[in-house]
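Below: one structure, written as C-alpha coordinates.
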Amino acid sequence: MTTPVSVAFTEIDLDAVATAEGRVAVCVTPDGKLDQAARRVNRLTKGTLARIIESGTLEKKKPGDILTLAWPVGLAAEALDIVVLPRNASVEESRRAGVALGRAKGDKALTLLGGALKRPVEVVLGAVLRGYGFTAHKTGDKTEAGPITVMVAKPEEVEAEAAPALAVAEGVFFTRDLVSEPANHLTTTEFANRIAAMKDLGLKITVLEEKDMEKLGMGALLSVGHGSISPTKLAVMEWQGGPKDEAPLALVGKGVVFDTGGISLKPAQGMEDMTMDMGGAGVVAGVMRTLARRGAKANVVGLVGLVENMPSDRATRPGDVVTSMKGDTIEVINTDAEGRLLLADVLWYAQETYKPRGVIDLATLTGACIVALGHENAAVLSNDDALCDAFLKSAKSEGEGAWRLPLGKAYADMMKSQIADIKNSGGRPAGTITAAEFLHRFIQDGMPWVHLDIAGVASVKAETPYGPKGASGWGVMALNRLVADMLERN
(Lines give C-alpha, C1' and ligand atoms only; values in the text may rest on other atoms or scores of the structure.)
Protein backbone atom coordinates (compact mmCIF):
# COMPACT_ATOMS: atom_id res chain seq x y z
CA MET A 1 0.00 0.00 0.00
CA THR A 2 0.98 3.63 -0.31
CA THR A 3 2.96 4.47 2.82
CA PRO A 4 2.41 7.83 4.55
CA VAL A 5 5.47 10.04 4.73
CA SER A 6 7.80 9.43 7.66
CA VAL A 7 7.26 11.82 10.59
CA ALA A 8 9.69 12.43 13.47
CA PHE A 9 9.35 14.68 16.51
CA THR A 10 12.54 16.18 17.96
CA GLU A 11 13.69 18.70 20.55
CA ILE A 12 13.87 22.30 19.40
CA ASP A 13 17.37 22.83 18.02
CA LEU A 14 17.68 26.38 16.77
CA ASP A 15 21.30 25.85 15.74
CA ALA A 16 20.15 23.18 13.27
CA VAL A 17 17.70 25.50 11.50
CA ALA A 18 20.35 27.11 9.31
CA THR A 19 21.56 23.78 7.92
CA ALA A 20 18.19 22.01 7.50
CA GLU A 21 17.72 20.84 3.92
CA GLY A 22 14.61 20.75 1.76
CA ARG A 23 12.05 23.13 3.23
CA VAL A 24 11.78 24.92 6.55
CA ALA A 25 8.40 26.03 7.91
CA VAL A 26 8.00 28.66 10.60
CA CYS A 27 4.80 29.87 12.27
CA VAL A 28 3.78 33.53 12.54
CA THR A 29 0.55 34.88 14.03
CA PRO A 30 -1.71 37.01 11.81
CA ASP A 31 -0.69 40.11 13.79
CA GLY A 32 2.98 39.35 13.20
CA LYS A 33 4.12 37.94 16.54
CA LEU A 34 7.19 35.71 16.34
CA ASP A 35 8.09 32.86 18.65
CA GLN A 36 11.67 31.98 19.55
CA ALA A 37 12.21 29.86 16.43
CA ALA A 38 10.72 32.50 14.16
CA ARG A 39 12.98 35.13 15.69
CA ARG A 40 15.99 32.93 14.93
CA VAL A 41 14.83 32.52 11.33
CA ASN A 42 14.36 36.28 11.11
CA ARG A 43 17.96 36.85 12.20
CA LEU A 44 19.31 34.20 9.86
CA THR A 45 17.43 35.71 6.91
CA LYS A 46 18.64 39.26 7.65
CA GLY A 47 15.29 40.49 8.94
CA THR A 48 13.18 39.09 6.11
CA LEU A 49 10.29 38.05 8.36
CA ALA A 50 10.18 41.49 9.98
CA ARG A 51 10.03 43.21 6.60
CA ILE A 52 7.21 40.93 5.42
CA ILE A 53 5.24 41.67 8.58
CA GLU A 54 5.79 45.40 8.24
CA SER A 55 4.57 45.27 4.64
CA GLY A 56 1.13 44.05 5.79
CA THR A 57 1.30 41.00 3.52
CA LEU A 58 0.36 38.56 6.27
CA GLU A 59 -2.72 40.57 7.22
CA LYS A 60 -4.25 39.52 3.90
CA LYS A 61 -3.76 35.84 4.66
CA LYS A 62 -6.31 33.56 6.29
CA PRO A 63 -5.36 31.33 9.22
CA GLY A 64 -3.76 28.25 7.74
CA ASP A 65 -2.38 30.02 4.66
CA ILE A 66 1.32 29.94 3.88
CA LEU A 67 3.69 32.35 2.17
CA THR A 68 6.71 30.75 0.50
CA LEU A 69 10.13 32.30 -0.06
CA ALA A 70 12.39 30.46 -2.49
CA TRP A 71 16.08 30.06 -1.68
CA PRO A 72 16.00 32.24 1.45
CA VAL A 73 19.25 33.97 2.35
CA GLY A 74 20.94 32.56 5.44
CA LEU A 75 19.32 29.12 5.18
CA ALA A 76 20.50 25.96 3.45
CA ALA A 77 16.88 25.09 2.71
CA GLU A 78 15.60 25.74 -0.78
CA ALA A 79 12.34 27.21 0.53
CA LEU A 80 11.00 28.91 3.65
CA ASP A 81 7.28 28.44 4.29
CA ILE A 82 5.77 31.09 6.54
CA VAL A 83 2.67 29.59 8.17
CA VAL A 84 0.02 32.07 9.29
CA LEU A 85 -1.61 30.66 12.42
CA PRO A 86 -3.00 32.27 15.56
CA ARG A 87 -1.68 30.94 18.87
CA ASN A 88 -5.11 29.41 19.63
CA ALA A 89 -5.62 27.97 16.12
CA SER A 90 -8.58 25.61 15.77
CA VAL A 91 -8.38 22.03 14.56
CA GLU A 92 -9.66 23.10 11.14
CA GLU A 93 -7.16 25.95 10.86
CA SER A 94 -4.31 23.73 12.00
CA ARG A 95 -5.15 21.01 9.50
CA ARG A 96 -5.57 23.63 6.79
CA ALA A 97 -2.03 24.81 7.47
CA GLY A 98 -0.81 21.23 7.29
CA VAL A 99 -2.55 20.65 3.98
CA ALA A 100 -0.92 23.79 2.57
CA LEU A 101 2.47 22.56 3.74
CA GLY A 102 1.85 19.09 2.34
CA ARG A 103 0.87 20.56 -1.03
CA ALA A 104 3.98 22.76 -1.13
CA LYS A 105 6.30 20.07 0.21
CA GLY A 106 6.18 17.68 -2.71
CA ASP A 107 8.98 15.14 -2.34
CA LYS A 108 11.26 17.42 -0.33
CA ALA A 109 12.13 17.03 3.32
CA LEU A 110 10.29 19.43 5.62
CA THR A 111 11.44 20.80 8.98
CA LEU A 112 8.55 22.35 10.87
CA LEU A 113 9.44 24.67 13.74
CA GLY A 114 6.41 23.88 15.86
CA GLY A 115 7.37 25.03 19.31
CA ALA A 116 4.52 27.56 19.58
CA LEU A 117 1.87 25.44 17.85
CA LYS A 118 -1.20 24.67 19.94
CA ARG A 119 -2.08 21.64 17.81
CA PRO A 120 1.06 20.33 16.11
CA VAL A 121 -0.51 16.90 15.58
CA GLU A 122 -3.34 18.40 13.52
CA VAL A 123 -0.85 20.27 11.35
CA VAL A 124 1.08 17.07 10.79
CA LEU A 125 -2.08 15.11 9.97
CA GLY A 126 -3.06 17.67 7.34
CA ALA A 127 0.41 17.54 5.77
CA VAL A 128 0.52 13.74 5.72
CA LEU A 129 -2.97 13.35 4.23
CA ARG A 130 -2.26 15.90 1.48
CA GLY A 131 0.98 14.10 0.58
CA TYR A 132 -0.90 11.12 -0.88
CA GLY A 133 -0.29 10.06 -4.46
CA PHE A 134 -1.30 6.81 -6.18
CA THR A 135 1.69 5.71 -8.27
CA ALA A 136 1.41 1.91 -8.15
CA HIS A 137 1.04 1.58 -11.92
CA LYS A 138 3.42 4.32 -13.06
CA THR A 139 6.76 3.27 -14.48
CA GLY A 140 10.12 5.00 -14.31
CA ASP A 141 12.11 6.23 -11.37
CA LYS A 142 10.08 7.08 -8.29
CA THR A 143 11.36 9.61 -5.80
CA GLU A 144 10.78 8.71 -2.18
CA ALA A 145 9.17 11.56 -0.30
CA GLY A 146 11.44 13.31 2.17
CA PRO A 147 10.51 13.05 5.85
CA ILE A 148 8.73 15.57 8.03
CA THR A 149 10.67 16.62 11.13
CA VAL A 150 8.75 18.56 13.76
CA MET A 151 10.67 20.47 16.41
CA VAL A 152 8.61 20.77 19.59
CA ALA A 153 9.26 21.35 23.29
CA LYS A 154 8.15 17.87 24.44
CA PRO A 155 8.71 15.53 21.49
CA GLU A 156 7.94 12.29 23.32
CA GLU A 157 4.54 13.57 24.46
CA VAL A 158 3.65 14.90 21.02
CA GLU A 159 4.80 11.68 19.36
CA ALA A 160 2.50 9.65 21.60
CA GLU A 161 -0.36 12.03 20.83
CA ALA A 162 0.37 11.77 17.11
CA ALA A 163 0.36 7.96 16.94
CA PRO A 164 -3.46 7.59 16.68
CA ALA A 165 -3.62 10.38 14.08
CA LEU A 166 -0.98 8.68 11.96
CA ALA A 167 -2.95 5.44 12.26
CA VAL A 168 -5.92 7.32 10.80
CA ALA A 169 -3.74 8.53 7.93
CA GLU A 170 -2.69 4.94 7.22
CA GLY A 171 -6.32 3.86 7.14
CA VAL A 172 -7.21 6.71 4.78
CA PHE A 173 -4.31 5.78 2.49
CA PHE A 174 -5.40 2.13 2.49
CA THR A 175 -8.91 3.18 1.43
CA ARG A 176 -7.60 5.55 -1.23
CA ASP A 177 -5.41 2.82 -2.67
CA LEU A 178 -8.31 0.37 -2.86
CA VAL A 179 -10.60 2.90 -4.53
CA SER A 180 -7.87 3.97 -6.97
CA GLU A 181 -6.97 0.45 -8.13
CA PRO A 182 -8.17 -0.62 -11.60
CA ALA A 183 -10.53 -3.58 -11.67
CA ASN A 184 -8.11 -5.92 -13.46
CA HIS A 185 -5.79 -5.55 -10.48
CA LEU A 186 -8.31 -5.31 -7.63
CA THR A 187 -10.40 -8.38 -8.37
CA THR A 188 -12.69 -9.81 -5.73
CA THR A 189 -9.97 -12.33 -4.88
CA GLU A 190 -7.25 -9.68 -4.60
CA PHE A 191 -9.49 -7.49 -2.44
CA ALA A 192 -10.12 -10.41 -0.11
CA ASN A 193 -6.39 -11.17 -0.01
CA ARG A 194 -5.56 -7.60 1.02
CA ILE A 195 -8.12 -7.85 3.79
CA ALA A 196 -6.79 -11.24 4.88
CA ALA A 197 -3.30 -9.76 5.19
CA MET A 198 -4.59 -7.51 7.99
CA LYS A 199 -4.72 -10.48 10.35
CA ASP A 200 -1.11 -9.50 11.08
CA LEU A 201 -2.50 -6.36 12.75
CA GLY A 202 -4.57 -8.40 15.19
CA LEU A 203 -7.82 -8.50 13.24
CA LYS A 204 -9.72 -11.77 13.03
CA ILE A 205 -10.43 -12.35 9.34
CA THR A 206 -13.06 -14.66 7.87
CA VAL A 207 -13.77 -14.95 4.14
CA LEU A 208 -16.97 -16.66 3.04
CA GLU A 209 -16.92 -18.26 -0.42
CA GLU A 210 -19.84 -18.79 -2.79
CA LYS A 211 -20.58 -22.27 -1.45
CA ASP A 212 -20.81 -20.82 2.08
CA MET A 213 -23.20 -18.11 0.95
CA GLU A 214 -25.33 -20.60 -0.96
CA LYS A 215 -25.80 -22.58 2.25
CA LEU A 216 -26.84 -19.38 4.03
CA GLY A 217 -29.39 -18.57 1.33
CA MET A 218 -27.75 -15.34 0.14
CA GLY A 219 -29.54 -15.34 -3.20
CA ALA A 220 -29.61 -11.55 -3.48
CA LEU A 221 -25.86 -11.07 -3.07
CA LEU A 222 -24.96 -14.05 -5.25
CA SER A 223 -27.26 -12.88 -8.05
CA VAL A 224 -25.11 -9.78 -8.60
CA GLY A 225 -22.02 -11.78 -9.50
CA HIS A 226 -23.63 -14.42 -11.73
CA GLY A 227 -22.33 -12.76 -14.89
CA SER A 228 -18.69 -12.55 -13.80
CA ILE A 229 -15.90 -15.09 -13.74
CA SER A 230 -14.66 -13.44 -10.52
CA PRO A 231 -16.05 -15.30 -7.49
CA THR A 232 -18.31 -13.46 -5.09
CA LYS A 233 -16.90 -13.24 -1.55
CA LEU A 234 -17.92 -11.91 1.84
CA ALA A 235 -14.99 -10.75 3.97
CA VAL A 236 -15.37 -10.16 7.71
CA MET A 237 -12.92 -8.21 9.90
CA GLU A 238 -13.37 -8.45 13.68
CA TRP A 239 -11.64 -6.15 16.17
CA GLN A 240 -12.09 -7.13 19.81
CA GLY A 241 -10.55 -4.25 21.75
CA GLY A 242 -13.36 -3.73 24.25
CA PRO A 243 -15.02 -5.87 26.90
CA LYS A 244 -15.41 -9.47 25.75
CA ASP A 245 -19.16 -9.60 26.32
CA GLU A 246 -19.95 -6.19 24.77
CA ALA A 247 -21.87 -6.22 21.47
CA PRO A 248 -19.90 -4.78 18.55
CA LEU A 249 -20.70 -1.94 16.24
CA ALA A 250 -21.14 -3.38 12.74
CA LEU A 251 -19.81 -1.59 9.66
CA VAL A 252 -21.05 -2.94 6.32
CA GLY A 253 -19.63 -1.98 2.94
CA LYS A 254 -20.59 -2.41 -0.70
CA GLY A 255 -17.66 -3.88 -2.62
CA VAL A 256 -18.55 -3.98 -6.31
CA VAL A 257 -15.05 -4.06 -7.78
CA PHE A 258 -16.44 -3.09 -11.19
CA ASP A 259 -19.97 -2.22 -12.20
CA THR A 260 -20.96 -2.45 -15.86
CA GLY A 261 -24.60 -2.30 -14.85
CA GLY A 262 -24.97 -5.95 -15.85
CA ILE A 263 -27.66 -6.64 -18.45
CA SER A 264 -28.96 -3.11 -17.74
CA LEU A 265 -25.69 -1.93 -19.27
CA LYS A 266 -24.36 1.52 -18.38
CA PRO A 267 -23.41 4.01 -21.13
CA ALA A 268 -19.77 3.74 -22.23
CA GLN A 269 -18.98 7.33 -21.30
CA GLY A 270 -17.73 7.44 -17.74
CA MET A 271 -17.91 3.69 -17.18
CA GLU A 272 -14.18 3.69 -16.40
CA ASP A 273 -15.04 5.43 -13.13
CA MET A 274 -16.91 2.34 -11.95
CA THR A 275 -13.68 0.97 -10.52
CA MET A 276 -14.66 3.04 -7.47
CA ASP A 277 -17.97 1.22 -6.91
CA MET A 278 -16.30 -0.69 -4.08
CA GLY A 279 -15.81 2.58 -2.18
CA GLY A 280 -18.00 1.55 0.75
CA ALA A 281 -16.02 -1.64 1.27
CA GLY A 282 -12.82 0.37 0.93
CA VAL A 283 -13.87 2.69 3.73
CA VAL A 284 -14.82 -0.18 6.02
CA ALA A 285 -11.45 -1.83 5.40
CA GLY A 286 -9.65 1.47 6.06
CA VAL A 287 -11.53 2.04 9.33
CA MET A 288 -10.76 -1.47 10.54
CA ARG A 289 -7.08 -0.97 9.70
CA THR A 290 -7.08 2.29 11.66
CA LEU A 291 -8.75 0.73 14.71
CA ALA A 292 -6.25 -2.11 14.76
CA ARG A 293 -3.27 0.20 14.22
CA ARG A 294 -4.19 2.44 17.14
CA GLY A 295 -5.41 -0.38 19.38
CA ALA A 296 -8.94 0.95 19.77
CA LYS A 297 -10.59 -0.05 23.04
CA ALA A 298 -13.83 -1.02 21.33
CA ASN A 299 -15.51 -3.97 19.64
CA VAL A 300 -16.16 -3.40 15.95
CA VAL A 301 -16.87 -5.82 13.11
CA GLY A 302 -16.50 -4.86 9.46
CA LEU A 303 -18.27 -6.87 6.75
CA VAL A 304 -17.85 -6.31 3.02
CA GLY A 305 -19.54 -8.03 0.10
CA LEU A 306 -17.12 -8.36 -2.81
CA VAL A 307 -18.55 -8.90 -6.28
CA GLU A 308 -18.26 -7.89 -9.93
CA ASN A 309 -21.37 -6.93 -11.92
CA MET A 310 -20.92 -8.12 -15.51
CA PRO A 311 -23.22 -9.05 -18.44
CA SER A 312 -23.03 -12.61 -19.75
CA ASP A 313 -25.20 -15.60 -20.58
CA ARG A 314 -25.28 -16.38 -16.85
CA ALA A 315 -26.06 -12.87 -15.64
CA THR A 316 -29.19 -11.99 -13.71
CA ARG A 317 -31.82 -10.45 -16.01
CA PRO A 318 -34.31 -7.63 -15.44
CA GLY A 319 -37.52 -9.30 -14.35
CA ASP A 320 -35.81 -12.14 -12.48
CA VAL A 321 -36.87 -12.84 -8.90
CA VAL A 322 -34.23 -13.72 -6.31
CA THR A 323 -34.55 -14.74 -2.67
CA SER A 324 -32.60 -13.00 0.08
CA MET A 325 -31.06 -14.56 3.18
CA LYS A 326 -33.90 -13.00 5.18
CA GLY A 327 -36.34 -14.93 3.01
CA ASP A 328 -37.88 -11.96 1.22
CA THR A 329 -38.24 -12.27 -2.54
CA ILE A 330 -36.93 -9.46 -4.73
CA GLU A 331 -37.97 -8.60 -8.28
CA VAL A 332 -34.92 -7.31 -10.13
CA ILE A 333 -36.20 -4.34 -12.12
CA ASN A 334 -32.75 -3.01 -12.98
CA THR A 335 -29.53 -5.00 -12.72
CA ASP A 336 -27.67 -1.69 -12.30
CA ALA A 337 -29.36 -1.31 -8.92
CA GLU A 338 -27.14 -4.10 -7.68
CA GLY A 339 -25.56 -2.59 -4.57
CA ARG A 340 -28.73 -2.84 -2.54
CA LEU A 341 -29.03 -6.55 -3.40
CA LEU A 342 -25.53 -7.10 -2.06
CA LEU A 343 -26.13 -5.06 1.07
CA ALA A 344 -29.46 -6.74 1.85
CA ASP A 345 -27.80 -10.08 2.51
CA VAL A 346 -24.68 -8.71 4.21
CA LEU A 347 -26.78 -6.54 6.53
CA TRP A 348 -28.94 -9.53 7.50
CA TYR A 349 -25.90 -11.75 8.02
CA ALA A 350 -24.24 -9.09 10.20
CA GLN A 351 -27.28 -8.86 12.46
CA GLU A 352 -27.94 -12.60 12.66
CA THR A 353 -24.31 -13.50 13.31
CA TYR A 354 -22.95 -10.71 15.51
CA LYS A 355 -26.04 -9.25 17.24
CA PRO A 356 -24.50 -5.77 17.02
CA ARG A 357 -25.37 -2.71 19.08
CA GLY A 358 -25.86 -0.80 15.84
CA VAL A 359 -25.22 -1.03 12.12
CA ILE A 360 -23.73 1.52 9.71
CA ASP A 361 -23.54 0.71 6.02
CA LEU A 362 -21.61 2.59 3.35
CA ALA A 363 -22.13 2.37 -0.39
CA THR A 364 -21.61 4.25 -3.61
CA LEU A 365 -25.26 3.47 -4.11
CA THR A 366 -27.12 6.03 -6.23
CA GLY A 367 -26.47 8.63 -8.90
CA ALA A 368 -29.43 10.45 -7.40
CA CYS A 369 -27.25 11.23 -4.38
CA ILE A 370 -24.86 13.19 -6.61
CA VAL A 371 -27.77 15.04 -8.19
CA ALA A 372 -29.07 15.99 -4.75
CA LEU A 373 -25.86 16.77 -2.85
CA GLY A 374 -23.09 17.02 -5.43
CA HIS A 375 -19.61 16.10 -4.25
CA GLU A 376 -19.67 18.03 -0.98
CA ASN A 377 -21.78 15.78 1.21
CA ALA A 378 -22.65 12.12 1.64
CA ALA A 379 -26.31 11.31 2.14
CA VAL A 380 -27.21 10.09 5.63
CA LEU A 381 -30.44 8.18 6.32
CA SER A 382 -31.30 6.52 9.60
CA ASN A 383 -33.95 4.95 11.79
CA ASP A 384 -32.26 6.11 14.99
CA ASP A 385 -31.76 9.77 15.90
CA ALA A 386 -29.14 9.11 18.57
CA LEU A 387 -26.81 7.08 16.33
CA CYS A 388 -27.40 9.39 13.39
CA ASP A 389 -26.71 12.54 15.40
CA ALA A 390 -23.56 10.98 16.83
CA PHE A 391 -22.30 10.21 13.33
CA LEU A 392 -23.17 13.67 12.01
CA LYS A 393 -21.29 15.23 14.93
CA SER A 394 -18.25 13.04 14.20
CA ALA A 395 -18.33 13.86 10.50
CA LYS A 396 -18.54 17.58 11.22
CA SER A 397 -15.66 17.45 13.68
CA GLU A 398 -13.49 15.75 11.04
CA GLY A 399 -14.48 18.07 8.21
CA GLU A 400 -16.23 15.33 6.21
CA GLY A 401 -19.48 16.59 4.69
CA ALA A 402 -22.69 14.70 5.50
CA TRP A 403 -26.36 15.64 5.20
CA ARG A 404 -29.39 13.79 6.55
CA LEU A 405 -32.30 12.89 4.26
CA PRO A 406 -35.68 11.55 5.40
CA LEU A 407 -37.18 8.08 5.43
CA GLY A 408 -40.89 7.27 5.38
CA LYS A 409 -43.64 4.81 4.50
CA ALA A 410 -44.54 6.61 1.28
CA TYR A 411 -41.01 6.06 0.00
CA ALA A 412 -41.04 2.42 1.14
CA ASP A 413 -44.32 1.85 -0.70
CA MET A 414 -42.61 2.89 -3.94
CA MET A 415 -40.56 -0.32 -3.68
CA LYS A 416 -43.54 -2.71 -3.66
CA SER A 417 -43.61 -5.35 -6.38
CA GLN A 418 -46.60 -7.01 -8.05
CA ILE A 419 -44.90 -10.39 -8.32
CA ALA A 420 -42.50 -10.45 -5.35
CA ASP A 421 -42.22 -9.04 -1.84
CA ILE A 422 -40.21 -6.06 -3.03
CA LYS A 423 -38.51 -4.71 -6.16
CA ASN A 424 -34.98 -3.32 -6.37
CA SER A 425 -35.82 -0.03 -8.05
CA GLY A 426 -38.55 2.52 -7.50
CA GLY A 427 -37.66 4.71 -10.47
CA ARG A 428 -36.06 8.15 -10.59
CA PRO A 429 -38.07 10.10 -7.97
CA ALA A 430 -36.32 10.21 -4.58
CA GLY A 431 -33.86 7.57 -5.77
CA THR A 432 -31.49 7.89 -2.84
CA ILE A 433 -34.31 7.63 -0.32
CA THR A 434 -36.10 4.70 -1.94
CA ALA A 435 -32.79 2.82 -2.10
CA ALA A 436 -32.37 3.41 1.63
CA GLU A 437 -35.91 2.20 2.26
CA PHE A 438 -35.07 -0.98 0.38
CA LEU A 439 -32.18 -1.53 2.82
CA HIS A 440 -34.40 -0.52 5.76
CA ARG A 441 -36.46 -3.63 5.08
CA PHE A 442 -33.42 -5.73 5.99
CA ILE A 443 -32.82 -4.00 9.32
CA GLN A 444 -34.29 -5.94 12.22
CA ASP A 445 -36.78 -4.34 14.60
CA GLY A 446 -35.08 -2.22 17.25
CA MET A 447 -31.69 -2.21 15.52
CA PRO A 448 -30.13 1.29 15.31
CA TRP A 449 -29.03 1.81 11.71
CA VAL A 450 -27.40 4.50 9.60
CA HIS A 451 -27.07 4.30 5.82
CA LEU A 452 -24.36 6.39 4.15
CA ASP A 453 -24.62 6.91 0.40
CA ILE A 454 -21.11 8.00 -0.57
CA ALA A 455 -21.56 8.06 -4.35
CA GLY A 456 -20.60 11.72 -4.56
CA VAL A 457 -17.68 11.76 -2.12
CA ALA A 458 -15.77 8.50 -2.54
CA SER A 459 -13.85 9.69 -5.61
CA VAL A 460 -13.87 13.26 -6.88
CA LYS A 461 -12.59 15.29 -9.82
CA ALA A 462 -11.19 18.16 -7.75
CA GLU A 463 -8.93 18.50 -4.74
CA THR A 464 -10.58 17.86 -1.38
CA PRO A 465 -9.72 19.60 1.92
CA TYR A 466 -7.36 16.74 2.81
CA GLY A 467 -6.18 15.28 -0.45
CA PRO A 468 -5.61 15.55 -4.19
CA LYS A 469 -8.34 14.77 -6.69
CA GLY A 470 -9.33 11.13 -7.02
CA ALA A 471 -10.05 8.73 -4.19
CA SER A 472 -10.79 10.74 -1.04
CA GLY A 473 -10.96 8.16 1.74
CA TRP A 474 -14.09 9.97 2.95
CA GLY A 475 -15.55 8.34 6.04
CA VAL A 476 -12.47 6.79 7.62
CA MET A 477 -11.85 9.79 9.87
CA ALA A 478 -15.53 10.28 10.74
CA LEU A 479 -16.15 6.64 11.63
CA ASN A 480 -12.93 6.41 13.62
CA ARG A 481 -14.04 9.50 15.54
CA LEU A 482 -17.49 7.96 16.10
CA VAL A 483 -15.92 4.82 17.57
CA ALA A 484 -13.66 6.89 19.81
CA ASP A 485 -16.43 9.16 21.05
CA MET A 486 -19.22 6.62 21.35
CA LEU A 487 -17.45 3.42 22.41
CA GLU A 488 -14.18 4.47 24.05
CA ARG A 489 -15.21 7.33 26.32
CA ASN A 490 -15.10 5.15 29.41
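The values are calculated or read from the model by the stated rules, or taken from the named source; none is laboratory data. Keep in mind it's a predicted model, so treat the numbers as computed, not measured. Every residue, glycine as well, gets a Cβ built from its backbone with ideal geometry; the counts of neighbours run over all protein chains shown. In case anyone asks, the SASA skips ligands and DNA or RNA and just uses the protein heavy atoms, side chains included. Shrake-Rupley method; radii C 1.70, N 1.55, O 1.52, S 1.80 Å.
Some notes on this structure:
- Assigned charges on the beta-carbon of Lys, Arg, Asp, Glu; the range 258-370 dipole about Cα centre (debye): 800
- Under the Debye formula (equal points on every Cα, no solvent term), log10 I(q)/I(0) of the range 129-197 at q = 0.11, 0.13, 0.15, 0.18 Å⁻¹: -0.42, -0.56, -0.71, -0.90
- Annotation: extensible slack from LYS211 through VAL73 equals 42.8 nm (criterion: 0.36 nm per residue apart, minus Cα-Cα distance).
- Between THR2 and ALA462, the C-beta separation translates, for a Förster distance of 25 Å, into a calculated FRET efficiency of about 0.80.
- Zone residues, the range 241-281, relative to ILE229, backbone N less than 14 Å from point 7 Å out along Cα-to-Cβ: none
- Counting heavy atoms of the protein chains alone, ILE330 has an accessible area of about 0 Å² for a 1.4 Å probe.
- The range 110-143 versus the range 182-197: alpha-carbon centroid distance in Å: 27
- In nm, spacing of pseudo-spin labels at ASN184 and ASP328 (7 Å Cα→C-beta vector): 3.9
- Angle between the chain longest axis and helix 431-440 axis [Cα atoms, degrees, rounded to 10]: 70
- Nearest-0.05 FRET efficiency for ASN88 and ASP320, computed from C-beta distance (R0 45 Å): 0.15
- Of LYS118/LYS396; LYS118/LYS297; LYS244/LYS423, those spanning more than 30 Å from alpha-carbon to alpha-carbon: LYS244/LYS423
- Think of the chain as a dipole: +1 on every Lys or Arg Cβ, -1 on every Asp or Glu Cβ, centred on the Cα centre; then among ALA484, GLY282, VAL450, ALA484 lies furthest on the positive end.
- Assuming charge only on the beta carbon of Lys and Arg (+1) and of Asp and Glu (-1), the dipole of the range 149-260 about its Cα centre is about 320 debye to the nearest 20.
- Antiparallel %, DSSP beta bridges [both residues in the chain], to 5: 40
- Once the Cα atoms are used to define both axes, helix 279-294 deviates from the longest principal axis of the chain by about 50 degrees.
- Share of Cα-Cα pairs in the range 78-177 lying beyond 17 Å, as whole percent: 53
- Gained length - THR143 relative to ARG428, 0.36 nm times residue gap less alpha-carbon distance: 97.8 nm
- In this structure, the residue pairs whose Cα-Cα separation is over 24 Å, taken from LYS33/LYS469; LYS266/LYS326; LYS204/LYS254, are LYS33/LYS469; LYS266/LYS326.
- Surface composition of the chain: carbon and sulfur make up 50 percent of the accessible area, probe 1.4 Å.
- For the range 380-424, radius of gyration divided by Kirkwood radius, i.e. Rg to Rh on alpha-carbons: 1.19
- Take 471-480, 199-208, 26-35 and order them by the average number of nearby Cβ atoms within 10 Å per residue, most first; the result is 471-480, 26-35, 199-208.
- Accessible area, probe 1.4 Å, largest first, for residues ARG96, ARG340, ARG489: ARG489, ARG96, ARG340
- Accessible area of LYS355 in the full protein assembly, 1.4 Å probe (Å², nearest 10): 120
- Think of the chain as a dipole: +1 on every Lys or Arg Cβ, -1 on every Asp or Glu Cβ, centred on the Cα centre; then among ILE82, GLY140, GLY426, ILE82 lies furthest on the positive end.
- The chain - convex hull of alpha carbons, volume per residue in Å³: 150
- Here the ratio of the Cα radius of gyration of the range 129-254 to 2.2 N^0.38 Å is 1.40.
- Take every pair of alpha-carbon atoms less than 8 Å apart whose residues are at least six positions apart; their mean separation over the length of the range 5-164 yields a relative contact order of 33 percent.
- Around the amide H of THR464, modelled in the peptide plane, lie the amide H atoms of LYS469, all under 5 Å away and 5 or more residues distant in sequence or on another chain.
- The chain: calculated mean residue ellipticity at 222 nm from DSSP helix runs of at least 4, using -39500 (n - 2.57): -10500 deg cm²/dmol
- Rounded to the nearest whole Hz, the Karplus-based 3J(HN,Hα) values (6.51 cos²θ - 1.76 cosθ + 1.60, θ = phi - 60°) of the range 146-153 follow the sequence x, x, 9, 10, 10, 8, 9, 5, with x at glycine and proline.
- Added length on full extension, which subtracts the Cα-Cα distance from 0.36 nm per residue, GLN36 to GLU246: 70.6 nm
- Once C-alpha pairs closer than 8 Å and six or more residues apart are averaged by separation and normalised to the residue number of the chain, the relative contact order reads 15 percent.
- Rounded Å value of the spacing that divides the Cα centres of the range 426-490 and the range 1-42: 37
- Column: log10 I(q)/I(0), Debye, Cα scatterers of the range 26-109, q = 0.15, 0.17, 0.21, 0.25 Å⁻¹: -0.51, -0.66, -1.01, -1.34
- Given charges at beta-carbon only (K, R positive; D, E negative), |dipole| of the range 421-490 in Debye: 260
- Using a probe of 1.4 Å on the protein chains alone, the accessible area found for TYR354 is around 40 Å².
- Partner aspartates and glutamates for LYS461 [C-alpha distance under 12 Å; skip if fewer than 8 residues away on the same chain]: ASP273, GLU376
- Rounded FRET efficiency, nearest 0.05, which uses the C-beta distance separating GLU488 from GLU11 and R0 of 35 Å: 0.65
- Residues in the range 216-259 reached by a label modelled at LYS199 [backbone nitrogen below 18 Å; 7 Å Cα→Cβ]: 233-240
- The range 88-223 - percent relative contact order, Cα under 8 Å, separation 6 or more: 22
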